[in-house]
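Report on the structure given below.
No value in this document is a laboratory result; all are computed from the given coordinates. The shown structure was predicted, so the numbers you read here are calculated from the model rather than taken from an experiment. Every residue, glycine as well, gets a Cβ built from its backbone with ideal geometry; the counts of neighbours run over all protein chains shown.
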Amino acid sequence: MTDTGRKGKILIVIHSLAPGGAERVAAMLSLGFEARGYEVVFALSENIFHFPHGGRVVDLKTPSSPNWLIRLPRQILRVIRLKTAISREQPDAVLSFLQGSNLANAIASGRQAVLSIRNVMSQERPSLQWIGSVLFKRARRIITPTRGVRADLINTFGFQPEPIVHIPNPVDRSWIKQRAQEKLPEKWQAFFQNRVFINVGRLTPQKGQAGLIRAFAKLHESQPDTRLFIMSEGELRGELEALVRSLGLADVVALPGYQDNPHRFMARAQGFILSSLYEGLPNVVLEALACGLPVVAFDCHGGGVGEIMTAFGKHPLKSIEGSRLQRSPGGFFAPLPGEISPGEIDAGGEEMLVEGMGRLLASDRELFDFEAVLTPFDRDTIVGRYCQVLFEGKAVTNKTEEAG
């Protein structure tokens, strides 16, 4: 135990606090840890700060690079500098997020490491699967945001179940609601005079946005006052922009890039569409619900979306006569279409998105119960469960009801 007069010291290892779901969770937890009397130190590879956070920062000075000839030596240097930081700081717990940080933590901290594995590891690159399946087993504890991610580690990679704890992501509803009240940028005010559907996610095959655009094109034919607003950046920007032009949707589908405050757009939209083929536990769905925005989502690999939409089974999905969609207190839920390997939504999936968006347009907002869905993700409850794992791990179990 440290002699700082606090309960203990937590070292959080993550590449940066740039925009991202894991980064948001790490920042939120740091504030919660401090509020409970713990000392917090971040070990960052790059000093990028998008979210309010607690604690002080140790800069490991190992920025990312697209060139693997540079990236590999920097990862080795990161491990060395992290070991030095651990030796100097003498933390009581070392918690890491995302693959690169988890690898560094597993090597530098060994049996004392606590890893947060955010996504389905079987969908990662084969090299990361192999390295992770070996090194991550060294950790004292592994935290997964969904039962599906936990099951993937056990069933696909042979992890022992006992060290793996399922703790969902927290949501800070007061912070989100405050941001949702901010005024829209002038350039988008006319666009949002229409009925707008929103998607937030990196422009990558995982997110299924090409299928979403094609589905929206079909909806727009009968609902000309609808619009689609896809926020983020990624490798498929050029392809998606070309698809939008080819479908004649340039005036009604917007790809505005990353937005510093997505919540002010969510609060003025008609619905949130998650077209992903696999996810851990997507923060954007929680944030949309916190903005009072109903969701249409696939039951994608990883299981987290289903856990959100049913509040861990406390509010079972309801069948809709003549439809493959199911109703949730938070919106509409669809079975995952097509194969995951091509990174594409098939025609049946597109039709389900069309139907889901149409049902949102026809639904009264009062039919949804966002509070019921969001209660298990209360920030203070989740912070408390993390503290249990970090400092009293043997007292924590994997019972589903503890997630709520």
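Per-residue packing, averaged as other Cβ atoms within 10 Å, sorts the ranges 62-69, 259-266, 291-298 into the order 291-298, 259-266, 62-69, beginning with the highest. Dividing the summed helix terms, -39500 (n - 2.57) for each DSSP H run of n ≥ 4, by the number of residues in the chain produces a 222 nm estimate of -11500 deg cm²/dmol to the nearest 500. Result for the chain in a Gaussian network model with C-alpha springs under 10 Å: among A18, A190, A151, the largest mean-square fluctuation is at A190.
Between helix 237-246 and the chain there is an angle of about 0 degrees, using the helix long axis and the longest principal axis of the Cα atoms. Relative contact order of the chain, taken over Cα pairs closer than 8 Å and 6 or more residues apart, is 14 percent. Calculate log10 I(q)/I(0) of the chain for q = 0.11, 0.12, 0.13 Å⁻¹, where I(q) comes from the Debye formula with a single equal point scatterer on each Cα and nothing for solvent. Computed log10 I(q)/I(0) values: -0.81, -0.96, -1.12.
In which sequence would T310, T381 go, from the one with the fewest C-beta neighbours within 10 Å to the one with the most?
T381, T310
Considering only alpha-carbon pairs that sit under 8 angstrom and 6 or more positions apart, the relative contact order computed for the range 241-387 is 20 percent.
Helix 209-222: angle to the longest alpha-carbon principal axis of the chain, degrees 0 to 90, nearest 10? The answer is roughly 20 degrees.
Using +1 on the beta carbon of Lys and Arg, -1 on that of Asp and Glu, and nothing else charged, what's the dipole of the range 42-123 about the Cα centre, debye to 20?
Approximately 180 debye in magnitude.
Against the longest principal axis of the chain, how steep is helix 126-135, in degrees 0 to 90 to the nearest 10, with axes from Cα atoms? Between the helix axis and the principal axis of the chain, the angle is about 40 degrees.
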